[in-house]
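Below is the structure I would like to discuss, written out as structure tokens.
What follows is calculated from the coordinates using simple rules that are stated; it is not laboratory data. Source: prediction; values computed, not measured. As a convention, Cβ positions derive from the backbone with ideal geometry for all residues, glycine included, and neighbour counts pool all protein chains shown.
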Amino acid sequence: MSQSQFFATKEDLVNLLRAIEIKGSLKYVSAGRSLTPDFECFSRGEDIPKLGIATFASSSNCDGFLVSEPGVETKVGLVNQSNGIKNYYINQLINPDTVVFWPGGMWTQDILLMGSVGTASDSEASRRLMRRFHTTIEKYFARTRNGYYVGPAARKLLESGKRLTIAEQSPPEFDLKLP
């Protein structure tokens with residue numbers, strides 16, 4: 001498993017994704033569960049609605065996306081619940097030629113939640129995408145002593161006293177701190 005964790009504002013994310021997309025087109029598909037087999041798909045990261053805005057108080061529950069090369073088919077799984085309701089899902093287990101991208105973002109005016117990109121897949125396509133993301137993150141974001149990457153605008157938030165954390169309910173002593 002490979003993962004890069006970061007703190008990034010919308011501005012940081014747009015600049016990062018543009019730099020990654022210069023190396024080749026990508027497809028972003030909303031991951032998770034749905035009552036229909038239709039999942040939102042975007043060809044540019046900056047077109048993702050609410051990019052840079054956290055959708056929950058904890059980064060682990062925020063919206064995520066499977067990212068692949070445009071020609072890769074996105075497979076949708078089906079779960080028939082005991083009450084007869086059908087649930088459809090998209091995840092990396094059934095789409096191994098992807099990486100999973102959780103942008104994180106601003107939760108409140110004072111809290112920026114962590115984002116990440118990662119893969120649990122051993123496919124060559126997934127490893128190639130992960131390298132693309134990771135090398136670009138390393139180029140444009142600063143690395144902290146504890147292994148997080150911080151975008152330029154996110155650093156300004158940190159310097160102004162905002163919380164950079166994994167969850168609103170996380171104790172402040174676990175927040176990212178200035179060196």
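Out of all the residues in the stretch 6-36, which are closer than 14 Å to Arg132 by Cβ and not hydroxyl-bearing (Ser, Thr, Tyr)? Talk me through it step by step, then tell me what you get.
Restricting attention to the stretch 6-36, the residues satisfying the condition of being closer than 14 Å to Arg132 by Cβ are 16-28.
Of everything in the stretch 6-36, those that are closer than 14 Å to Arg132 by Cβ and not hydroxyl-bearing (Ser, Thr, Tyr) turn out to be Leu16, Leu17, Arg18, Ala19, Ile20, Glu21, Ile22, Lys23, Gly24, Leu26, Lys27.
Consider Ser58 carefully, then state whether it is touching a Leu at 6+ places or on another chain (Cβ under 8 Å) and buried (at least 16 other Cβ atoms within 10 Å of the Cβ).
Here the answer is yes, as Ser58 does meet what is asked.
Out of all the residues in the stretch 1-50, which are touching a Phe, Trp or Tyr at 6+ places or on another chain (Cβ under 8 Å), surrounded by 15 or more Cβ atoms within 10 Å (Cβ to Cβ) and farther than 19 Å from Ser68 by Cβ?
Gln5, Phe6, Phe7, Ala8, Asp12, Asn15
Do we have any residue at all in the stretch 154-170 that's β-branched (Val, Ile, Thr) and farther than 17 Å from Gly104 by Cα? Steps first, answer last, please.
Restricting attention to the stretch 154-170, the residues satisfying the condition of being β-branched (Val, Ile, Thr) are 165-166.
Checking which are farther than 17 Å from Gly104 by Cα leaves us with none.
No, the stretch 154-170 contains no residue that is β-branched (Val, Ile, Thr) and farther than 17 Å from Gly104 by Cα.
How many residues are touching a residue at least 60 places away in the same chain (Cβ under 8 Å), in a loop (DSSP other than H, G, I, E, B) and under 20 Å from Arg127 (Cβ atoms) when one looks only at the stretch 44-91?
Going residue by residue through the stretch 44-91, those that are touching a residue at least 60 places away in the same chain (Cβ under 8 Å) are 57-60, 67-69, 90-91.
Narrowing further to those that are in a loop (DSSP other than H, G, I, E, B): 57, 69, 91.
With under 20 Å from Arg127 (Cβ atoms) added as a condition, the list becomes 69, 91.
Number satisfying all stated conditions: 2.
Filter the stretch 1-16 for residues that are outside any helix (DSSP H, G or I) and farther than 8 Å from Gly118 by Cα and give the result. Spell out how you get there, then give the answer.
At the first step, the residues of the stretch 1-16 found to be outside any helix (DSSP H, G or I) are 1-9.
Residues satisfying the conditions are Gln5, Phe6, Phe7, Ala8, Thr9.
Test Met114 against the stated conditions and say whether it is surrounded by fewer than 22 Cβ atoms within 10 Å (Cβ to Cβ) and under 16 Å from Cys62 (Cβ atoms). Can you show your working first?
Working: surrounded by fewer than 22 Cβ atoms within 10 Å (Cβ to Cβ): no; under 16 Å from Cys62 (Cβ atoms): yes.
No: the conditions fail for Met114.
Tell me which residues, restricted to the stretch 61-90, are touching a Leu at 6+ places or on another chain (Cβ under 9 Å) and either closer than 30 Å to Arg163 by Cβ or among the charged types (D, E, K, R) (or both). Full working, then the answer.
So the first thing to find is which residues in the stretch 61-90 are touching a Leu at 6+ places or on another chain (Cβ under 9 Å), and the list is 62, 67-70, 74, 77, 85-90.
Residues satisfying the conditions are Cys62, Val67, Glu69, Lys86.
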